[in-house]
Amino acid sequence: MPIPSGSGTEVIKYAKLTSLTNSWTTLKTGEADHIYTVLSIYVTNAEATTENFSLAFTDNEGTSNIVYLMQEQPLGPRDSYKLHDRCGWDGTKRLRIITGDSANVNVYMTYIDQHF
């Protein structure tokens with residue numbers, strides 16, 4: 001990965017997902033010459049039953065080198081989970097999420113996208 005030269009852009013963006021399932025879903029796929037910093041992630045359960053979710057980084061194909069940020073995090077009925085801890089990655093990774101079952105769980109993430 002090249003070292004930033006001082007030219008480029010730095011933009012706040014968002015990603016959202018609705019009605020997650022029990023298969024991995026990508027929140028953001030990294031691109032070459034980009035660095036991403038998560039500002040916040042909100043995970044909301046719209047159902048009347050408890051649901052679990054996991055959040056992880058994977059390789060850019062989304063199939064290997066899984067590094068969990070949280071695993072089997074319980075999310076109560078009609079409850080929200082707010083992650084305000086910063087984490088970052090470059091263009092070689094994906095940020096992905098999965099629920100225990102097909103569920104009415106929604107995700108909203110804000111992040112900084114630095115392109116150089």
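Laid out as a table, the results:
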quantity	calculated
Per-residue HN-Hα couplings for the stretch 10-16 [Karplus 6.51, -1.76, 1.60; θ = phi - 60°; Hz; x = Gly/Pro]	9, 10, 7, 10, 9, 9, 9
Length added when fully stretched, GLN73-SER19, from 0.36 nm per residue minus Cα-Cα	17.8 nm
Sparsely packed trypsin sites (Lys or Arg not before Pro) within the stretch 32-116, loop by DSSP, other Cβ within 10 Å at most 15	ARG78, ARG86
Options ASN60, SER7, THR99, ranked by Cα towards positive dipole end of the chain, top entry (Cβ charges)	SER7
Loop-resident sites, the stretch 9-50, for GluC sites (Glu not before Pro), counting at most 16 other Cβ within 10 Å (DSSP)	GLU31, GLU47
Set of aspartates and glutamates with alpha-carbon distance to LYS13 below 17 Å, sequence-local pairs under 8 removed	GLU31, ASP33, ASP85, ASP90, ASP113
Charged-residue dipole, Cβ positions (Lys, Arg, Asp, Glu), the chain about Cα centre, Debye nearest 20	200 debye
Amide H contacts of LEU39 (H built 1.01 Å from N, under 5 Å, at least 5 apart or other chain)	THR110, TYR111, ILE112
Kirkwood hydrodynamic radius over Cα pairs of the chain, then Stokes diffusion coefficient at 10 °C and 1.306 mPa s, in µm²/s	108 µm²/s
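We did not get these values from a lab; they are worked out from the coordinates using the rules stated. Remember, it's a predicted structure, so these values are computed and weren't measured experimentally. No Cβ is skipped: glycine too gets one built from the backbone with ideal geometry, and neighbour counts run over all protein chains shown.
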